[in-house]
Amino acid sequence: MPGDTLEIKAGVLYVNGREADGPLPLRHIYRIQTKDSRDIGYDQRQSYTIPPYTNTLYVVLEDKRVEREQLKGERYLLPPGLRDEDIFLIYKKNWNKDHFGPLRVPEGKWFVLGDNRSNAIDSRYRGFIDPSTFVGSVLWK
């Protein structure tokens with residue numbers, strides 16, 4: 001909201017210095033050994049390998065499911081300082097989707113994030129939102 005300071009550190013959102021992701025059903029990319037993927041139900045359209053490393057699969061999974069079911073694999077994070085060119089075009093900072101900010105939301109603007117943070121085209125890539133152009137509802141907060 002206007003006046004808030006936000007930052008994403010190691011893929012976790014902080015608003016005004018406090019972690020804000022806790023209760024949300026967020027999805028991120030997880031790195032899983034291909035041999036372990038048979039036991040995990042996942043959307044194949046949201047998975048990929050990086051040739052020639054076909055023994056590793058990158059899969060979008062809900063964080064709470066990974067924790068609850070103790071799935072094998074680790075969350076894939078971009079390193080700090082690795083610049084995302086699309087984010088750089090908007091904010092002129094060497095940020096990426098997993099390491100973003102800190103940034104203060106200007107008066108009269110909103111900053112929106114998707115729940116599938118690894119694949120969302122949100123305010124990190126589009127900039128601040130003018131509330132008068134927004135059409136929709138918050139389903140949970």
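Only helical DSSP H runs with n ≥ 4 go in: add -39500 (n - 2.57) per run for the chain, normalise by residue count and round the 222 nm mean residue ellipticity to 500 deg cm²/dmol.
Taking each H run of at least 4 residues, the total per residue is -3000 deg cm²/dmol.
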In sequence order, calculated HN-Hα J values of the stretch 29-45 (Karplus, 6.51, -1.76, 1.60; Hz; x Gly/Pro):
7, 10, 9, 10, 5, 3, 5, 8, 6, 4, 8, 10, x, 8, 7, 5, 6
Segment PHE134-ASN55, extension gain: residue separation times 0.36 nm, minus the distance between their alpha carbons
24.2 nm
The stretch 10-73 and the stretch 105-128: distance between their alpha carbon centers, rounded to Å
21 Å
Points 7 angstrom from Cα along the Cβ direction at TYR14 and ASP122: gap in nanometres?
1.7 nm
Per residue, what volume in Å³ does the Cα convex hull of the stretch 27-75 take up?
64 Å³
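Taking R0 as 22 Å, what FRET efficiency do you get between ILE90 and GLN46 from their Cβ-Cβ distance, rounded to the nearest 0.05?
Values: r = 25 Å, r/R0 = 1.12.
Computed FRET efficiency for ILE90 and GLN46: 0.35.
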Find how much the distance from ARG68 to LEU82 grows on full extension, using 0.36 nm per residue of separation minus their present alpha carbon separation; answer in nm with one decimal.
2.0 nm
So what is the relative contact order of the chain, in percent, for Cα pairs below 8 Å that sit 6 or more residues apart?
29 percent
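Only the coordinates and a few stated rules stand behind these numbers; no lab work does. Note that the structure is a prediction, hence the values are computed from the model and not measured. Backbone-built Cβ (ideal geometry, glycine too); neighbour counts: all protein chains shown.
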